[in-house]
1. Quick one: TYR269 ticks every box in (1) more than 24 Å from the chain's Cα centre (by Cα); (2) of a type outside the set (Asp, Glu); (3) crowded, with 17+ Cβ neighbours inside 10 Å; (4) not in a loop (DSSP other than H, G, I, E, B) bar one, so which box is it?
2. Enumerate the strands (runs of 3 or more DSSP E) found wholly within segment 382-474, keeping only those where 1 or more residues are of a type in the set (Asp, Glu) and either under 21 Å from the mean Cα position of the chain (by Cα) or under 29 Å from VAL512 (Cα atoms) (or both).
3. Just the residues that are touching a Gly at 6+ places or on another chain (Cβ under 7 Å), open to solvent by 10 Å² or more (accessible area, probe 1.4 Å) and assigned to a strand (DSSP E or B), please, taken from segment 179-192.
4. Using beta carbons and a limit of 8 Å, which pairs, at least six apart or on different chains, have the first residue in segment 498-527 and on the phi > 0 side of the Ramachandran plot and the second one charged (D, E, K, R) and open to solvent by less than 60 Å² (accessible area, probe 1.4 Å)?
5. List the number of the failed condition for VAL783; all other conditions in (1) at pLDDT below 95; (2) within 30 Å of GLY713 (Cβ to Cβ); (3) open to solvent by 20 Å² or more (accessible area, probe 1.4 Å) hold.
6. Considering segment 819-835 alone, what residues qualify as being among the hydroxyl-bearing types (Ser, Thr, Tyr) and more than 27 Å from the chain's Cα centre (by Cα)?
7. Would you mention how many residues in segment 746-776 are out of contact with any Pro (no Cβ under 8 Å at 6 or more places or on another chain) and of a type in the set (Gly, Ala, Ser)?
8. Taking segment 573-617 as the search range and keeping residues that are among the hydroxyl-bearing types (Ser, Thr, Tyr) and in contact (Cβ under 8 Å) with a residue 12 or more places away in the chain, which one is surrounded by the fewest Cβ atoms within 10 Å (Cβ to Cβ)?
Amino acid sequence: MHVTSEFPELSRLKRRFSASTLLSKLNFSVCKLIAAMIFVCAAVSAHAVVVRGTVTDRLGAAVAGARVNLVQDGKVVTSVTSGYDGGYELTSANSGRFVVTSAATGFALAVSEEFYSGTLHAVTENLILKPASVVSNVTVTATGLPTPEAQLTGTVDVIQGDDLKTRVGIVDDLRLMPGVSVVQTGQVGGVTSLFVRGGSSSANKVLIDGMPANDLGGYFDFGTVSSTAIQSVEVARGPVSVIYGADAAASGLSFETPRGLTAHPLLEYSGDGGNFGTYRNEVKLSGTHSALDYFLAFSRFDTSNGVPVDKYHDGTSAANIGYSLGATQMRFTLRYSVSATGVPGSVAFYGLSENQKQADQDLYSTGVIENRTPGDWHNLVRFGISRKREQDTQFGQVGTPVTAFGFTTYYGNPVTITGANGTSTSGQAAIYGVGNSNAVNDKNELAYQTDFRFTPHQAMYGSFRYDNETGVYRNPADALNELVYRTNFEYTLQYEGDFYSRLFVSLGGGVVKNHVFGVKFVPQIGLAYYPVRPGAGLFHGTKVRFNFTKGVEEVTTAEELDSLRNVLAANPPAPPAPPTPLNTIPPINAETTRAYEGGVDQSIWSQKLMLKATFFHNEYGNQIEDISPNALGVNYGLSAAQVQALNNSFSYAYVNTAAYRALGAEVSLEWEPLPNFFLRGGYTYLDTVTQKSFEDDALFPETNPAYPNTPIGGVNPLVGARQFRRPPHAGYIALQYSHRRWSQAEKISMASRADDSTYLEYADMSGGNSLLLPNRNLDSGYVKIDMDDIYQVSRRFSVFLQMDNLLGQKQIGPIGYTSLPFTFRAGVKVDFGGNR
């Protein structure tokens, strides 16, 4: 029975009642919505800033009950206690610049980076608590993600800006880490190369504020890098091509520029002078204003050095300007260096200085937009440029001219050359000037990286990089006018995770698509496990780690243009065809690295002492060497007539025919026995063996008539011999002490003898090899002791003294180059303004 058809009045009444009920419910919902909006607006006005995050220890385990403070202008605005999962949330009605601090029993105070937050901004700040007695860094170079050192599967060392307070450059502090060999040809400003775990000097990726700074082919001169405007330098030992692509075949170095921190402008000045006509001035201006932070710096350094025609000067400018839009940050960085140095050459070989000069102008700049959502999704877009110019100028020929067969050759003064291996020779060496040349290395890079943390213990990282490169080299005397353009792409996908805060996994792969050598895949697998977690006790804190990775290295401009395949295409051998067809020679390719490392990190005495031991085995394959037509004839069965014809066409060409391996062990120690005393030291054993070479030295070793039974590699090591300029034993000790207003640091670096060559092939006055010496242990070992003292006269004024090479050793560089003896610099530091 249908009610509405039989009782129409009742039906109308029910409809009226239903409508009024609906209207009543709707009005109530609207009221609730308006009330909620009023509550939200009130909450927003009451809490303009919301800061969330987690508090963990170095292994990623949550720290419950930690006190977390929101600090503004040195005052605590609000405080909370972290929950059972380490989480916290801070709210405040203030806006401006803040830091978050956290402390818990048994841990040192943790302080976040300063950040700006305005109305309606939500900020994520995760804090990592470290034991008070342990020095531990958060690094990004090895993984691409900010990662506590305790969670790394590889090995990373960090030079802090405070370590460079009285230094002029970074060369000597690079010696104070295991696995690293620094070679400087000459004195301050001389070309300085880095050899990491036996790798070549062109296998170290250098980033300045994220922008690649290497020349095309990977070379980078560390001798002209000023200590001005360096916040930190991270050095990841081992290939990191999976993160940074080509040129990271042996290591990766990341330089960071400081940021402004003070609420009011802070002006800092430092000036000093010393022996050898040395003086330096540095000015820095930094601060913050609302959402803006800024840092500007300039320095000028001059020295005459200790040998004639070796004056050096450098002017470095730097800027770092950032602006915060809450979760989005924008940042601009710039570093520009102008330097010039005399090039006296191998003074010990010639008994005089060559009349040459090298000038460099290097500019690196980046623009970054970075966003981090409250859900731990981080995105970054960076555009960067690198502009490098170098001019080599020869002002005139020096030495004694000797004319024979219509050619004039200049010779140095009579000298006696003595190697560290006890061999010696006397004579006059031919001086071949470099002529006038200039080089250009330009890069533009667009990079995007993203990372997402699924849980507090699992994260993914991905990146894409596009860069175009321009390389130019001109030398009119050698009729060289080389020009190359390249376009490269790099892709990375990386997983970082930990399980139960004991097992840490790093797994990823990179694809490098290079203009010259095509596509290469570089994997990385890393594991770290704590069988014993860090804690109180004699041996509480044992970490076992393993890492496997591959690396690739880009070719230089000359190696691309003068590859053997290209040269033979332009100069084919005359008939008959050789037994091995020359068209089987592949195009020039990437140099490669395959690296294994394993180690143990042991905490001792309740984490007051940290001992690390690492074993590494690196295979450097597909290495490029230059071979002559003579070597080509032996390797490919060319006739004497064909070889002579090729000799008339070219002198040498580049091909991937060499290989060597490097294995060794690293041991390092860090100890803080007292709150104001810190000691660290390390030792490296390195064994390199040349496995394969088709170069002339390998096929036709040279000999010195004085040592007829000793084959000599005139330019390159012989097969079975050690690589040049990689000492088998090296070590360092650094001590830091402070007491009230006074602080002192002693830094000692040591290295054993190393294999090398005088490179004086056919350079004596009869065109012979009497000036070559046996390669084994030719370079001298050394012990270099540096010391600095700083006295804080007042809060804003201090004086300092820097003393280098206290033992006055003159054979710190390769044979033939005289190192700077004992030097000192004394100066003052003063600052104005700021809100310290």
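The values are calculated or read from the model by the stated rules, or taken from the named source; none is laboratory data. Quantities reported herein were computed from a predicted structural model and do not represent experimental measurements. With ideal geometry, Cβ positions are generated from the backbone for all residues, glycine too; neighbour counts draw on all protein chains shown. Only protein heavy atoms, including side chains, enter the accessible area calculation; ligands, DNA and RNA are left aside. Shrake-Rupley method; radii C 1.70, N 1.55, O 1.52, S 1.80 Å.
1. (3)
2. On the way: elements: 400-404, 407-411, 415-418, 424-427, 437-455.
Because the criterion is at least 1 residues that are of a type in the set (Asp, Glu) and either under 21 Å from the mean Cα position of the chain (by Cα) or under 29 Å from VAL512 (Cα atoms) (or both), the strands (runs of 3 or more DSSP E) in segment 382-474 that meet it are 437-455.
3. VAL183, GLN184
4. SER501/ASP57
5. (1)
6. Going residue by residue through segment 819-835, those that are among the hydroxyl-bearing types (Ser, Thr, Tyr) are 819, 823.
Scanning segment 819-835 gives a single hit, THR823.
7. To start, the set of residues in segment 746-776 that are out of contact with any Pro (no Cβ under 8 Å at 6 or more places or on another chain) comprises 746-750, 757-767, 771-774, 776.
Remaining after also requiring of a type in the set (Gly, Ala, Ser): 749, 757, 763, 766-767.
Going through segment 746-776 one residue at a time, the tally reaches 5.
8. We begin by selecting, within segment 573-617, every residue among the hydroxyl-bearing types (Ser, Thr, Tyr); these are 580, 584, 592-593, 596, 603, 606, 614.
So of that shortlist, the ones also in contact (Cβ under 8 Å) with a residue 12 or more places away in the chain come out as 580, 592-593, 596, 603, 606, 614.
Values: THR580: 12, THR592: 22, THR593: 29, TYR596: 15, SER603: 25, SER606: 17, THR614: 24.
Out of the qualifying residues, it is THR580.
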